[in-house]
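*Asks:* To start, I am sharing the structure in question, which I have written as structure tokens.
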Amino acid sequence: MRRLLLHPLVTAILVLILTAPIAGLVLDGYTFNLHWQPPLGLALTALILHLVINLVRAWRSAQGGAWSVTHGPIPVPSHPALLRTFRILLLLSCLVLPFLLNKYWLTVAILALIYVLLALGLNIVVGLAGMLDLGFVAFYAVGAYGYALGHEYLGLGFWSALPLGAFLAAGFGVVLGFPVLRMHGDYLAIVTLGFGEIIRLVLNNWTEFTGGPNGVRVAFPSLPGLEFSRKAKEGNIAFHEWLGIDYSANHRIMFMYLILFLVVLLIMFLVTRLKKMPLGRSWEALREDEIACRSLGINHVTVKLSAFAMGAMIGGIGGVFFAASQGFVNPTSFTFFESALILAIVVLGGLGSIPGVIIAAIVLTVLPELLRDFSDYRILVFGLAMVGMMIWRPRGLVRARRPVFQGRQG
Amino acid sequence: MLLEVNQLHMRFGGVVALHDVTFDVKWGSITALIGPNGAGKTTAFNCITGFYKAQQGRLRLHPPNRPTVDLVQILGQPFSGSDLLHPGRLWTALGYKMFGGPHLVCRAGIARTFQNVRLFKEMTVLENLLVAQHAALDRHFFSGLFNTATFRDHEATALNRANDLLDFFELSKEANRLAGHLSHGHQRRVEIARAMCTGPILLCLDEPAAGLNPMETQALSGWIRRLQKEMNLTILLIEHDIGLVMELSDHIVVLNHGEVIARGTPAAIQQNSGVVEAYLG
Ligand SMILES: Nc1ncnc2c1ncn2[C@@H]1O[C@H](COP(=O)(O)OP(=O)(O)OP(=O)(O)O)[C@@H](O)[C@H]1O
Ligand SMILES: [Mg+2]
């Protein structure tokens with residue numbers, strides 16, 4: 001009981017002492033003025049926060065250690081029919097969504113889906129294969145620039161750029177994979193970080209080819225013979241005329257959303273299947289223990305490279321969609337902050353867990369839009385969420401589920 | 001003769017871990033490798049299973065009905081001048097250099113366990129056993145992606161085999177639990193079962209009884225016997241539990257300071273004054 005009240009009080013006093021000179025002293029000409037309101041407010045917030053945390057803790061422990069991990073056999077999901085209905089409803093609502101949203105929220109939804117793709121890709125490298133990659137944005141950039149430059153120099157359309165960008169990014173994944181085959185943990189993280197920066201710097205400085213900081217314009221996707229503009233070019237039909245409806249700039253974005261949604265579904269299917277395939281199992285085994293893997297006849301070289309290539313490929317697809325949705329790419333979209341954000345999504349969502357990663361990706365892209373008014377505190381909230389998660393849910397929002405096989409006896 | 005170890009040398013900087021180690025493992029036997037702490041037993045294991053590259057020496061596996069495997073060559077050796085004169089040899093050497101390693105030793109038929117258990121802790125026991133059977137599975141990307149009939153067949157066969165092994169080691173109840181949550185004794189058993197999943201000819205066990213209580217050790221001894229008898233396995237064993245070694249092994253090799261100080265039957269080893277002085281005490 002004493003801890004319950006005393007500790008928050010101590011916290012509040014500490015906050016007051018620390019913040020009073022910073023937030024309370026205001027320079028007024030040549031003299032100071034002490035304003036008590038801001039530091040007191042901060043201290044009060046800290047007091048309440050700490051109190052709430054303590055109360056939750058007390059309640060939890062009164063419930064008898066509900067946090068402890070279960071050590072029994074892994075539970076099988078109990079209501080498969082319910083789960084299926086839920087999934088179908090979710091799918092339908094995602095399909096209906098673009099017709100209900102305005103332009104602004106459509107672009108946000110597209111961005112969220114792109115981050116879902118990126119997170120699914122990085123989830124393979126970090127969550128499944130256990131290789132800490134801080135330069136994932138490089139593959140995103142390769143995909144985006146693959147489309148942009150392909151369009152600029154070779155006149156590639158969206159549909160040919162999609163597989164090409166994916167393969168190009170996978171190739172870069174292998175290129176990065178080779179030198180880091182023997183690296184683990186921190187060393188790997190640093191090398192991948194460097195790789196990400198190299199790609200960005202090359203894009204930034206190779207002005208003749210990439211346009212440098214000025215970026216490259218990208219064509220919007222279309223269907224063969226159909227265009228999403230008010231007036232179609234010679235020989236094509238404008239989409240709204242084809243359907244006989246009024247022109248709206250939203251059609252293009254809706255179309256984009258629907259393709260992207262389809263691709264996300266495909267990639268989800270791919271990753272879900274991979275987890276059940278020998279390759280995916282080898283990735284997870286590699287994450288758990290590389291030496292044991294090798295002792296079981298698994299060639300760690302091919303397994304690692306395939307994880308890098310597969311993750312990079314998905315990142316590259318995300319990049320192509322990013323370029324197509326923006327209509328323009330330049331290197332500022334591919335900074336280290338993006339890598340960190342994607343990594344945060346994967347960690348917060350739960351390493352290796354597909355639903356967790358998807359939820360985290362959506363939350364972390366939509367939430368900042370909802371909280372535009374507090375955009376100054378975005379990073380702060382982000383950090384707090386990270387710390388909180390590490391304390392209470394170190395395995396992420398949704399813990400990765402293990403497959404359960406029917407045993408022969410029980 | 002199944003495994004031939006000839007004049008193996010291994011140094012770590014100034015430390016000579018193995019010096020002129022020579023011994024054989026007979027087909028179908030249980031051979032024990034014993035010696036005081038730091039004698040170089042685990043190092044010898046690591047050389048045999050390809051985790052260390054010995055500086056000198058020959059290691060050959062003579063599987064029955066199959067060609068002999070040079071366990072040193074498949075790890076990838078530095079190129080020598082004579083390779084340049086034989087393009088064919090150069091090509092193989094290059095291949096092993098790029099794609100060689102311990103996994104080829106395993107595919108040649110040697111499976112091993114580790115002194116400190118190395119399970120895939122965040123995966124279930126069955127998954128551990130399935131990972132080990134990857135070579136027997138349908139690894140085509142698209143058959144896995146579309147869950148074809150062949151793919152499911154292979155998975156079912158592998159699952160069956162895994163369940164058989166779990167039955168054998170009395171682990172059926174633990175099949176769907178995370179390997180990291182098992183007791184130490186169970187983990188050791190899972191590790192042996194997992195090694196068995198690779199379909200080995202020679203099974204190398206590094207201190208399988210370490211950390212087990214006397215009852216568990218007794219049970220383990222029974223299982224090792226049955227592996228040898230029922231599954232026609234050859235077993236190479238490192239163990240500090242002398243009772244277990246004397247009970248099980250057909251042949252004992254004693255290491256001390258990286259050198260073989262005695263080889264022979266359990267009875268002969270027990271009489272050997274050098275061994276008694278250095279190790280048995
Ligand atoms: N990777 C390594 N690097 C440097 N020295 C090593 C390495 N591995 C083993 N050694 C040294 O080689 C010697 C033999 O070690 P080894 O692990 O083979 O002993 P062991 O017989 O298995 O002992 P124990 O019974 O304690 O397991 C020791 O002196 C050890 O310090
Ligand atoms: Mg040892």
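*Asks:* Identify, from the list B:Leu8, B:Leu2, the residue that is in contact (Cβ under 8 Å) with a residue 60 or more places away in the chain and touching a Gly at 6+ places or on another chain (Cβ under 9 Å).
*Replies:* B:Leu2
*Asks:* Given the options A:Thr272, A:Thr210, name the one that is away from chain B (no Cβ under 14 Å) and modelled with pLDDT of 80 or more.
*Replies:* Result: A:Thr210 is the single residue among A:Thr272, A:Thr210 that is away from chain B (no Cβ under 14 Å) and modelled with pLDDT of 80 or more.
*Asks:* Considering only region B:7-66, state which residues are part of a loop (DSSP other than H, G, I, E, B) and more than 16 Å from ligand 1 (Cβ to nearest atom).
*Replies:* B:Lys26, B:Trp27, B:Gly28, B:Ser29, B:His62, B:Pro63, B:Pro64, B:Asn65, B:Arg66
*Asks:* Pull up region B:95-148, narrow it to residues that are more than 7 Å from every other protein chain (Cβ to nearest Cβ) and among the charged types (D, E, K, R), then point me to the one that is surrounded by the most Cβ atoms within 10 Å (Cβ to Cβ).
*Replies:* That would be B:Asp138.
*Asks:* Given the residues B:Leu71, B:Leu3, which is the only one that is in contact with a helix residue (DSSP H, G or I) (Cβ under 8 Å, 6 or more places away or on another chain), within 19 Å of B:Asn232 (Cα to Cα), surrounded by 15 or more Cβ atoms within 10 Å (Cβ to Cβ) and among the hydrophobic types (A, V, I, L, M, F, W, C)?
*Replies:* B:Leu3
*Asks:* For region B:171-280, give me every one of the helices (runs of 4 or more DSSP H) that falls completely inside it and has 3 or more residues that are within 22 Å of B:Asp24 (Cα to Cα).
*Replies:* B:214-230, B:242-248, B:266-271
*Asks:* Still on this structure, I have one more. Within region A:389-398, can you find the residues that are surrounded by 12 or more Cβ atoms within 10 Å (Cβ to Cβ), of a type outside the set (A, V, I, L, M, F, W, C) and more than 10 Å from every other protein chain (Cβ to nearest Cβ)?
*Replies:* Once the filter is applied, which keeps residues that are surrounded by 12 or more Cβ atoms within 10 Å (Cβ to Cβ), of a type outside the set (A, V, I, L, M, F, W, C) and more than 10 Å from every other protein chain (Cβ to nearest Cβ), region A:389-398 yields A:Arg393, A:Gly396.
To keep it simple, each residue is scored yes or no on (1) under 22 Å from the mean Cα position of the chain (by Cα); (2) within 26 Å of B:Asn46 (Cβ to Cβ); (3) among the polar types (S, T, N, Q); (4) away from ligand 1 (no atom under 16 Å from the Cβ).
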residue: B:Met215; (1), (2), (3), (4): no, no, no, yes
residue: B:Ile224; (1), (2), (3), (4): yes, yes, no, yes
residue: B:Leu233; (1), (2), (3), (4): yes, yes, no, yes
residue: B:Glu239; (1), (2), (3), (4): yes, yes, no, no
residue: B:Glu277; (1), (2), (3), (4): no, no, no, yes
residue: B:Leu280; (1), (2), (3), (4): no, yes, no, no
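*Asks:* To continue, here is another question. Suppose we keep only residues that are among the aliphatic types (A, V, I, L, M) and surrounded by fewer than 15 Cβ atoms within 10 Å (Cβ to Cβ) within region B:247-275. Which one would you say is farthest from ligand 1 (Cβ to nearest atom)?
*Replies:* B:Ala267
*Asks:* I would also like to ask the following. Is it the case that some residue within region A:133-152 is acidic (Asp, Glu), outside any helix (DSSP H, G or I) and at pLDDT below 95?
*Replies:* yes
*Asks:* Further question on the same structure: Pairs only if they're at least six apart or on different chains, beta carbon under 6 angstrom, first in region B:105-120 and at positive phi, second away from ligand 1 (no atom under 16 Å from the Cβ) and in a loop (DSSP other than H, G, I, E, B); list them, first residue then second.
*Replies:* Qualifying pairs under 6 Å: B:Gly109/B:Pro63; B:Gly109/B:Pro200; B:Gly109/B:Ile201.
*Asks:* Hey, among A:Gly318, A:Gly388, A:Gly327, which residue is among the small types (Gly, Ala, Ser) and more than 25 Å from A:Phe158 (Cα to Cα)?
*Replies:* A:Gly388
*Asks:* When residues of region B:139-165 are filtered for being over 25 Å from the mean Cα position of the chain (by Cα) and not in a helix (DSSP H, G or I), how many remain?
*Replies:* 4
*Asks:* If you don't mind, there's one more thing I want to ask. Run down B:Gly28, B:Gly81 and say which single residue is more than 16 Å from ligand 2 (Cβ to nearest atom) and at pLDDT below 90.
*Replies:* B:Gly81
*Asks:* Going through A:Pro39, A:Pro75, A:Pro80 one at a time, which residue ends up being at pLDDT below 85 and in the same structural domain as A:Ala12 (by TED's automatic domain parsing)?
*Replies:* Matching residue, one of A:Pro39, A:Pro75, A:Pro80: A:Pro39.
*Asks:* Restricting attention to region B:168-219, and to residues there that are small (Gly, Ala, Ser) and within 16 Å of ligand 2 (Cβ to nearest atom), which single residue is surrounded by the fewest Cβ atoms within 10 Å (Cβ to Cβ)?
*Replies:* Ranking the qualifying residues of region B:168-219, first place goes to B:Gly211.
*Asks:* Same structure again: Does B:Leu71 satisfy being in contact (Cβ under 8 Å) with a residue 40 or more places away in the chain, of a type in the set (A, V, I, L, M, F, W, C) and either in contact with a Lys or Arg (Cβ under 6 Å, 6 or more places away or on another chain) or away from ligand 1 (no atom under 16 Å from the Cβ) (or both)?
*Replies:* So B:Leu71 fails the test.
*Asks:* Can you run down the residue pairs with Cβ atoms below 9 Å, 6 or more apart or on separate chains, where the first is in region B:193-211 and within 12 Å of chain A (Cβ to nearest Cβ) and the partner is aromatic (Phe, Trp, Tyr) and within 13 Å of ligand 1 (Cβ to nearest atom)?
*Replies:* From residues that are within 12 Å of chain A (Cβ to nearest Cβ), the pairs are B:Cys204/B:Phe45; B:Asp206/B:Phe45; B:Asp206/B:Phe114.
*Asks:* Kindly list the number of the only condition in (1) away from chain B (no Cβ under 14 Å); (2) free of Cβ contacts under 8 Å to residues at least 24 places away in the same chain; (3) of a type in the set (A, V, I, L, M, F, W, C) that fails for A:Cys293.
*Replies:* Only one criterion in (1) away from chain B (no Cβ under 14 Å); (2) free of Cβ contacts under 8 Å to residues at least 24 places away in the same chain; (3) of a type in the set (A, V, I, L, M, F, W, C) is unmet by A:Cys293, namely (1).
The values are calculated or read from the model by the stated rules, or taken from the named source; none is laboratory data. What you are looking at is a predicted structure, and each value in this text was computed from that prediction instead of being measured. Reconstructed Cβ throughout: ideal geometry from the backbone, glycine too, with neighbour counts over all protein chains shown.
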